[in-house]
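The values are calculated or read from the model by the stated rules, or taken from the named source; none is laboratory data. Small disclaimer: the values here were computed from a predicted structure and weren't measured. A quick note on method: Cβ atoms are made from the backbone with ideal geometry, for glycine too, and the neighbour counts reach across all protein chains shown. Surface areas here come from the heavy atoms of the whole protein model, side chains and all, with no ligands, DNA or RNA. Shrake-Rupley method; radii C 1.70, N 1.55, O 1.52, S 1.80 Å.
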Amino acid sequence: MAQTVPIKPLSDYVVAQQEKAEARTASGLYLPEAAQEKPKIAKVLAVGPGKVGDDNERIPVEVKVGDRIIYGGYSTTEVKIDGVEYLLIKEENIYAVVE
(Lines give C-alpha, C1' and ligand atoms only; values in the text may rest on other atoms or scores of the structure.)
Protein backbone atom coordinates (compact mmCIF):
# COMPACT_ATOMS: atom_id res chain seq x y z
CA MET A 1 0.00 0.00 0.00
CA ALA A 2 1.46 3.37 -1.02
CA GLN A 3 2.08 5.95 1.66
CA THR A 4 0.20 9.23 1.34
CA VAL A 5 2.65 12.12 1.45
CA PRO A 6 1.40 15.59 2.49
CA ILE A 7 4.13 17.29 0.43
CA LYS A 8 4.11 17.80 -3.34
CA PRO A 9 7.68 18.42 -4.53
CA LEU A 10 8.32 21.00 -7.24
CA SER A 11 10.91 21.05 -10.01
CA ASP A 12 13.66 18.46 -9.47
CA TYR A 13 13.09 17.90 -5.75
CA VAL A 14 12.16 14.59 -4.18
CA VAL A 15 10.52 13.86 -0.83
CA ALA A 16 12.13 11.01 1.08
CA GLN A 17 12.29 9.46 4.53
CA GLN A 18 15.60 8.67 6.12
CA GLU A 19 16.21 5.08 7.12
CA LYS A 20 16.61 4.53 10.84
CA ALA A 21 20.05 3.82 12.25
CA GLU A 22 20.68 0.61 14.16
CA ALA A 23 20.23 1.11 17.91
CA ARG A 24 22.76 -1.63 18.68
CA THR A 25 26.36 -2.12 17.69
CA ALA A 26 27.59 -5.38 16.18
CA SER A 27 28.80 -6.42 19.64
CA GLY A 28 25.33 -5.89 21.12
CA LEU A 29 25.78 -2.54 22.88
CA TYR A 30 22.81 -0.18 22.74
CA LEU A 31 23.51 3.35 21.52
CA PRO A 32 21.50 6.42 22.53
CA GLU A 33 19.94 8.21 19.53
CA ALA A 34 22.31 11.18 19.91
CA ALA A 35 25.33 8.87 19.47
CA GLN A 36 24.03 7.08 16.39
CA GLU A 37 25.44 8.04 13.02
CA LYS A 38 22.57 9.01 10.76
CA PRO A 39 22.56 6.94 7.59
CA LYS A 40 22.65 8.77 4.30
CA ILE A 41 20.13 6.37 2.80
CA ALA A 42 16.48 7.28 2.35
CA LYS A 43 13.37 5.94 0.63
CA VAL A 44 11.80 8.16 -2.06
CA LEU A 45 8.14 8.92 -1.29
CA ALA A 46 7.35 11.56 -3.94
CA VAL A 47 9.08 13.02 -7.00
CA GLY A 48 8.72 16.44 -8.61
CA PRO A 49 8.03 16.80 -12.34
CA GLY A 50 11.64 17.73 -13.13
CA LYS A 51 13.38 20.98 -13.94
CA VAL A 52 12.93 22.96 -17.12
CA GLY A 53 16.00 22.98 -19.36
CA ASP A 54 17.40 25.79 -21.51
CA ASP A 55 15.14 24.72 -24.38
CA ASN A 56 12.02 25.02 -22.15
CA GLU A 57 11.62 21.23 -22.19
CA ARG A 58 11.03 19.47 -18.86
CA ILE A 59 13.87 17.13 -17.81
CA PRO A 60 12.33 14.29 -15.77
CA VAL A 61 13.84 13.26 -12.43
CA GLU A 62 15.85 10.03 -12.69
CA VAL A 63 14.65 8.45 -9.42
CA LYS A 64 11.17 7.11 -8.79
CA VAL A 65 8.90 6.52 -5.82
CA GLY A 66 10.10 3.51 -3.86
CA ASP A 67 13.80 3.87 -4.75
CA ARG A 68 16.34 3.74 -1.92
CA ILE A 69 18.84 6.55 -2.48
CA ILE A 70 22.20 7.68 -1.15
CA TYR A 71 22.31 11.45 -0.71
CA GLY A 72 24.55 14.26 0.54
CA GLY A 73 24.08 14.59 4.29
CA TYR A 74 24.17 18.38 4.50
CA SER A 75 22.23 19.01 1.31
CA THR A 76 18.70 18.35 2.56
CA THR A 77 15.86 20.31 4.08
CA GLU A 78 14.23 18.49 6.97
CA VAL A 79 10.55 19.12 7.70
CA LYS A 80 8.17 17.61 10.23
CA ILE A 81 4.48 17.43 9.35
CA ASP A 82 1.95 15.83 11.69
CA GLY A 83 4.79 14.28 13.69
CA VAL A 84 6.41 12.62 10.64
CA GLU A 85 9.87 13.68 9.48
CA TYR A 86 10.53 14.14 5.76
CA LEU A 87 13.56 15.15 3.71
CA LEU A 88 13.44 17.45 0.68
CA ILE A 89 16.39 16.63 -1.56
CA LYS A 90 17.36 18.29 -4.84
CA GLU A 91 18.10 15.70 -7.52
CA GLU A 92 21.70 16.90 -7.99
CA ASN A 93 22.36 15.96 -4.33
CA ILE A 94 21.32 12.33 -4.89
CA TYR A 95 24.45 10.31 -5.54
CA ALA A 96 23.12 6.81 -6.24
CA VAL A 97 20.22 4.38 -6.13
CA VAL A 98 20.69 1.35 -3.90
CA GLU A 99 19.82 -1.83 -5.82
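Observations, loosely collected:
- Partner lysines for LYS20 [C-alpha distance under 29 Å; skip if fewer than 8 residues away on the same chain]: LYS8, LYS38, LYS40, LYS43, LYS64, LYS80, LYS90
- Note on VAL84 and GLU57: the model spin-label points, each 7 Å out from Cα along the C-beta direction, lie 3.6 nm apart.
- Accessible surface of the stretch 55-99 [probe 1.4 Å, protein heavy atoms]: carbon and sulfur percent: 47
- Pair THR4, GLU92: separation of 7 Å Cα→Cβ label points (nm): 3.5
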